[in-house]
Every structure is written in structure tokens, then in C-alpha cells.
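All remarks here apply to the structure that follows.
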Amino acid sequence: MMKKELSALVTGSVSAVMPVLGLRGTDDFARVGGDLDFIVPAGHAVEACRTAARAATDAGWYLLFFRDIGYLAQIVLVRPSDTGEDHAIKVDFFDGLRWYGIGRDDAGRTLLEQTASMRGDPKVVGAVSFFQKTMTVGRCSERDWARVQATGADKPYLLAVASNCGLPLTAEQLGTRGPSGLAKWKLRAASGGAQGPLSALSWFLSAAGAHLRFKSGMGTHAGLVVAVSGLDGSGKSTLVGRLMTTFRTAGGIQPQELHLLPSWIPMPHQILRRKKTATAYHKPYSEPPVTSRSSALLRLGFYGLAFALARAALAWQTLRGAVVVSDRSFFDFASDLSRARIPHAQLPDWLLRVLVPKGVLCFVDASPDCVVQRKGELTLENATRIRAGYLRTAELSQAVVLDGNASATEVFKQLLAHVSAEYLRRLDGATGQGRR
């Protein structure tokens, strides 16, 4: 029901500015929890994402993710539930019919024009769905072929559509649910308007470049660090867990979950093989800060180098389109050095600004009373002191302060609102538009 509601919202909003055709997601063959697939004219997929995202956020949804990989632009929309069973749906917009978004999209334009003139005819939807699938994978799966056949788009109809659009397709290929091998590449080249050896070579080189860009992950507008920080007992780990579950529900590209530092950077107890220190990570305040000045400086130097490496690694990952969700980060270290057994001190402002990760930084600000009641590891006095450190770090790093005393769903909505705002900003930038 929720998918059909969202599909109607997307179709209504996008169709007001461009032709759009729903391919998959709400029919009898759709998987439970699967995504919604649409196709729009070539060059308009990102604009369709922006239009749909704006309409959805106005209707109470949140934008969790956006990615543009050329031939496809996608968003993930989330509607939180007070029961914790949040709705998360991925919406894909194919950028015309041409493979990898390379070349002219004469066939796609012809099919979309035919769709507009035959609105309501399911055979057209079946034909577009068939050709879009064959461009991507070659032969359709049995389920996808059954979906096409269920629309009434039989073999003679598909052959007629292919002939009308200038796409090479034979009855023999339809007998195996689509072309394979060289025939598949001929179909892909034809979808980009390649005619003759020279244009085919030019198309192939362009497709190779598009494939390399896709593999690099760069230029997708997707890369983001979401770092959640807070005192023990603030609810941050629960918040991170809910966010990760939402990504898994939506499917598609999954974020990397990080705890304080990347796993390839060893912690001090792993280097020294000190069992007592390893135990202390689960009860971080069980041991007091070190008293030796040299030991404190050594610890500070180690963590400074570790977080510098981590920041560089995160910058590279996000440049390549990765989403990283961090449960604790340098933000927490800088706010509470005593957790790393370093005597109470304040790091220089410039160092904090240099090492804090770039992205959506959130401090879950639960009151000291609430933190002590939930965990009990800290005294009220220490919780008050540490909270002050977090607030200082939040101010210097321009982090978002979430109301940790609110309900879990309300805190989740606050986090989603800031992630949503970031991706909406990127969508506006990608389309060269601001909100009107």
C-alpha cells in the first residue's frame, strides 16, 4: 500500500514537468519491499529525482540518499513510524533507454512519445520494460519475461516496436527472452544511435569511458559521512542501528558502518595486546586517566595520527560515492579525552577543525540526568562536565545538536531532516535550481 501511495505521488509530481512512465514496483510481480522503477526522457533523470524528492518531503517523507550514475539516478525516501517499523523505498529513474546514457536516445524518445499517445495501454509499458531490461542484462529473467507477457506485449508486438524504433531484434532472440553475446552489444549500440563501423567505434569508446567513471564512483553526488556522537547513554548507538536498518530495508548501495576509527587502524590495546585495556573499551571509565605526562602525550600523538589518517580515508571514500555512518568519531575523542585515558584538557580549536570529519555531524544531546539514569557509568558531575565538552566541539565544528531527551522516533526524524536537507541541496546544485 505504501509503495502504491508513493508511486502515485512520484508519478503525479514528475508528470507535471516531463513525460514519465512507471516500469516496475507496484504490479503483481513486484517483490515485497522492492524499489520503484521509472523511465524519463534522456537528460532529465536528476531533475525527476529533484521533483519527486521535493514532493515527497512536502508530504512527510525524508530523503535519505541520492545518486546519479549517468544512465540512472536514484533516491531513497523514508517515512519513520512510531513503532520503529519505518518505510524505506528506493526510487530509480532511468535516463532514457540508451545504454549507459551514451549517444542519442532516438528509440527511447520514440517509445515515450508512443506512451503519451497510448496512455493507459499496458502493452507499451511492457515493451519499454522489456527493452530497458535487455539493454542492461541482455536476456530477461523468467519473472521479468512473465511481467512483460502479462501486459499483452507478445512477440509480434515487441518485434513491431523494435522495427519502429530502429532496434535490432529477431524472433529467435525473443525465443530466449532477449539477445545475448554480440547481439546484445548491437542492441546497446543501436540504442545510442550508432550506425556504421565508425559511429559504433565512437559509441564503444564513450561507453568504456562511462564504465570507468561508474567504477570510480566519482561525480555521483552520493558520498557522505553521517557521524553520530554523544555521551554513553544518550541513545546514539540505537540511532545508528535504526539508520543502518533503514538503509538495508531500502536496498541498493549500503553504507559502511564505522565505530570511532576504521577497522584497519589498530587500537592501542590491539598493538600492545593489553587485555585490561581491551576490557576498558566496554567500560571506558573503569580506569582513570594516566598520570604520566609523557604517556599522555604519546596517547595524544597516536590518536592524532590515527584520526588524521581516518579523515583522509573518509574524504577519499566519499569522493568515490560511499556513504559512511559513524558511531563515534574524532568529535567524541576531542570532547572527552578522559575516555582515552588522557587527562582532562581542551584540544586547540584549529586542530579540532582540521581533524573533525566533514559531513553531517550530529551530537545527541541528552541531559546529564538522563545519561546517568540510562547507563550509570558516570556521576552527574562528570556527565555535566563531559556534556560541556561536547557542546564546545559541536559549536566549533558546526555540528547539529539533536534533542536526546525526545522519543527515539523524534530523534530519528531530526537526524533524517538534516541528511535530507544535505541531499536536497545537492539535487538543487545538480539541476542548477534552487527551491522556488
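Every number in this text was worked out from the coordinates using simple rules, so none of it is lab data. This structure is a prediction, so every number in the text was calculated from the model and none was measured. FYI the Cβ positions are ideal-geometry reconstructions off the backbone, even for glycines, and counts take in every protein chain you see.
The share of Cα pairs per 10 Å bin across region 224-405, counted from zero up to the longest distance, runs 9, 37, 39, 14, 1, 0 percent. Each label point was placed 7 Å from the Cα along the Cα-to-Cβ direction; for E422 and V354 their separation is 2.3 nm.
For a paramagnetic label modelled on D121 (point 7 Å from Cα along Cα→Cβ), amide N atoms under 18 Å away belong, within region 155-185, to 155-167. Taking the Cα centre of the chain as reference, the dipole from Cβ charges on Lys and Arg (+1) and Asp and Glu (-1) amounts to some 1180 debye. Distance between the modelled labels on L298 and F204, one decimal in nanometres: 6.2 nm (7 Å Cα→Cβ projection).
Seen from every direction in turn and averaged, the convex hull around the alpha carbons of the chain projects onto 24.2 nm².
When the helices of the chain are scored as -39500 (n - 2.57) per DSSP H run of n ≥ 4 and the total is divided over every residue, the value at 222 nm lands at -16500 deg cm²/dmol. Here is what passes the span test in the chain: the DSSP H helices with alpha carbon length of 24 Å or more along the helix axis and a Kyte-Doolittle mean of -1.0 or above are 197-216, 293-319, 380-397, 408-431.
Here's how it looks for Q256: its modeled amide H is under 5 Å from those of V323, V324, V325, which are all 5 or more places away or on a different chain. Evaluated with a Cβ-only charge set (Lys, Arg +1; Asp, Glu -1), region 379-420 carries a dipole of roughly 80 debye about its Cα centre, given to the nearest 20.
Checked against a 32 Å cut-off, the cross-linked pairs K184/K358; K3/K236; K375/K413; K133/K358; K4/K375; K90/K184 give Cα-Cα distances beyond that limit for K184/K358; K133/K358; K4/K375. Considering only Q254, C140, V78, the residue lying farthest towards the positive end of the dipole of the chain is Q254, judged by Cα position with unit charges set on Cβ. Remark on D95: its backbone amide H falls under 5 Å from those of L72, A73, a criterion applied only to residues 5 or more positions apart or on other chains, H modelled at 1.01 Å from N. A cut-off of 5 Å between modelled amide H atoms, ignoring neighbours fewer than 5 places along the same chain, links L402 with F363, V364, D365.
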